[in-house]
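See structure below.
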Amino acid sequence: MNRYFIPGEGRRDFPRRSYAKLDQIEPPNQIEAKDILFAFDAIDAEWPGFHDGLLRLELSPDAEAKLRYFWAQRFAPPSSREIDGTDPFDELPIYRIEITLGRADPLVKKLLDVSDQWLEMSLDTRGGLEVDVFGGLFMAPVPARLAHLPRPAAPAAALTRLFDMEDWPDATEEDLVKTLQIDCRMEQLIMFDIGQGSATALVCECGIPVSYFDVGCGVYRNTKTRPNQISFCTHEPPRVILSHWDADHWAAATLDRRLLGMTWIAPRQSISMKHKAFGNNILKAGGRLLIVPTKLSLLKWSAVGQTLELRRCTGSDRNSSGLALVVEDHASQRGWLLAGDAAYNFVPGALPHDLAALVVPHHGADMGPASIPPSAGLGYARLLYSFGPDNAHGRTSVRHPTMAAITAHGSAGWSHGTWAPPPPAMSPAGQPVLATASHLTTHEQGIAVGWSCPPSPTLFGHAATCPDLMPVVQS
């Protein structure tokens, strides 16, 4: 595994010259933001592997053929995979470069326009704008300075070829449905306390987590928000549904590596070297990676007396083009909605008219005025926030959940109790709002939601005795 994913083993320097691609912008609503964080995935441009071996910066028939063969072997059935020798993805010198700017800074407009472009960045100890460089998912930042403004990278075409999804095949709808089909009734939705990230589970009537929807945790400067225990039940091999490719939605699988050996269902999206290396980890561990094609906007399957849907969100960036999960229970005529980091206006199709559980998008970020939350459920219902205590986003003053999110959900009938301004989330809000944390340091632990009433006991069946399941105490 690349040292980038291993706690304590990331790099403690910064690359003097790197190739970089925009990975994340925070907050989603940039129009009303005071400060904006631009986070780039970067790779040391002086890496020798760019000149020799599988990942050399060369566009030739021979290089293309070797790359296709490499991934064909990775995506072969687990029983017939041939994985041996040195893995170039384990050697990649990966970094994250964060630039925090005031909204009025002229560089903001330029960076908002780079989208999927590959850029060249030069860093030094002296010079212009100060930036933060992370040498691993769980590393503290190292300060550096931009020696010049980011400019287009000369080998952009070759970088795209190496680190996009072109060599990852689409899964068929038949294979996806067969993999997701459940012969049991879903009794609980569990949200885990994993810090600033997202991880939820669908738990069947036997008390077994049969599907996870994201398995993230706190990363980068939010590593501090993680609880001591990060582990998941894999007693009956679960499916892992990835809403989108942001690291705080999958990083827990680098801590509990049993998850890597599971079957993953993930959307086709714009990615870079970090995601390519992580996907490689799944395949090397014997897991399966089923890519939901862009053209497949709806994936529908069933459990006992229930209907489940994965809906492709309709936005253009990674957050807003991911997968949303809708679960409907026929007997109670109620639903659960999990939208990942997508604003509500990007979730297509009709929503259940009576929601028993609604997971707030993007940890309670300001999603903008077009993101209008569904109305509070009738009777028993829970509004769920997943965030880490005292979380931070670059050098901005943004902290989740935001008052914009709380106000928007309050206007839809979700009472937030003690979360009156200012500031919010300093203590538990009180039902119907439940959260995995309170600021500044408190972990409130996991949450279980049922269909018509709070689950009693909170954990039952296998989950009640599984030593690998993180604490779930709220309902």
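The values are calculated or read from the model by the stated rules, or taken from the named source; none is laboratory data. Computed from a predicted structure; not experimentally measured. Here the Cβ is made from the backbone with ideal geometry for all residues, glycine too, and neighbour counts use every protein chain on show. Heavy atoms of the whole protein, side chains included, go into the accessibility calculation; ligands, DNA and RNA do not. Shrake-Rupley method; radii C 1.70, N 1.55, O 1.52, S 1.80 Å.
Of the peptides 322-334, 75-87, how do they stack up when ordered by the mean number of other Cβ atoms within 10 Å, highest first?
Numbers: 322-334: 20.1, 75-87: 10.5.
Order by mean packing, descending: 322-334, 75-87.
So for each of 239-246, 418-425 I average, over its residues, the number of other beta carbons within 10 Å; can you give me the resulting order with the highest mean first?
Working: 239-246: 24.8, 418-425: 15.4.
Descending packing order for the listed peptides: 239-246, 418-425.
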Q.
Can you work out the Karplus-derived ³J(HN,Hα) for every residue in segment 44-54? Use 6.51 cos²θ - 1.76 cosθ + 1.60 with θ = phi - 60°, whole Hz, and x for glycine or proline.
A. 4, 5, 8, 4, x, x, 6, 10, 8, x, 4
Q. Given just the C-alpha atoms of segment 57-140, how large is their convex hull per residue in cubic angstrom?
A. 191 Å³
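What number comes out for accessible area per residue over the chain if the probe is 1.4 Å? Units Å², please. Could the numbers behind the result be given before it?
Values: 17630 Å² over 475 residues.
Per-residue accessible area for the chain comes out at 37 Å².
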Q.
Below 8 Å between Cα atoms, with a sequence gap of 6+, how large is the relative contact order for segment 207-290 in percent?
A. 29 percent
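Can you tell me, using C-alpha contacts under 8 Å and at least 6 residues apart, the relative contact order of segment 247-375 as a whole percent? It would help to have the intermediate numbers written out before the result.
Working: 208 pairs, mean separation 20.2, N = 129.
With pairs under 8 Å counted, the relative contact order is 16 percent.
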Q: Can you figure out the FRET efficiency of residue 297 with residue 52, using R₀ = 51 Å and their beta-carbon distance, to the nearest 0.05?
A: 0.75
Q.
Here is the link list: 224/274; 34/276; 178/274; 109/276; 34/295; 109/224. Which ones come out longer than 26 Å on Cα distance?
A. 34/276; 178/274; 109/276; 34/295; 109/224
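Just to be sure I understand: of the beta bridges DSSP finds with both ends in the chain, what percent are antiparallel, rounded to 5?
Percentage antiparallel, nearest 5: 75.
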**Q.** Whole-angstrom Cα spans of segment 389-465 along principal axes, big to small
**A.** 44, 28, 17
(Q) Taking the Kirkwood radius as the inverse of the mean 1/r across Cα pairs, report the Rg/Rh of segment 358-426. (A) 0.95
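Could you sort 436-447, 199-210, 170-181 so that the peptide with the highest average Cβ count within 10 Å comes first and the rest follow in order?
Values: 436-447: 19.7, 199-210: 22.8, 170-181: 15.0.
Listed from highest to lowest mean packing, they are 199-210, 436-447, 170-181.
So how much slack lies between residue 115 and residue 390, counting 0.36 nm per residue of separation and subtracting their Cα-Cα distance, in nm?
Numbers: separation 275, 0.36 × 275 = 99.00 nm, distance 2.94 nm.
Contour length minus the Cα-Cα distance gives 96.1 nm.
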Q: Using a 1.4 Å probe over the heavy atoms of the protein chains, calculate the carbon and sulfur portion of the accessible area of the chain as a whole percent.
A: 52 percent
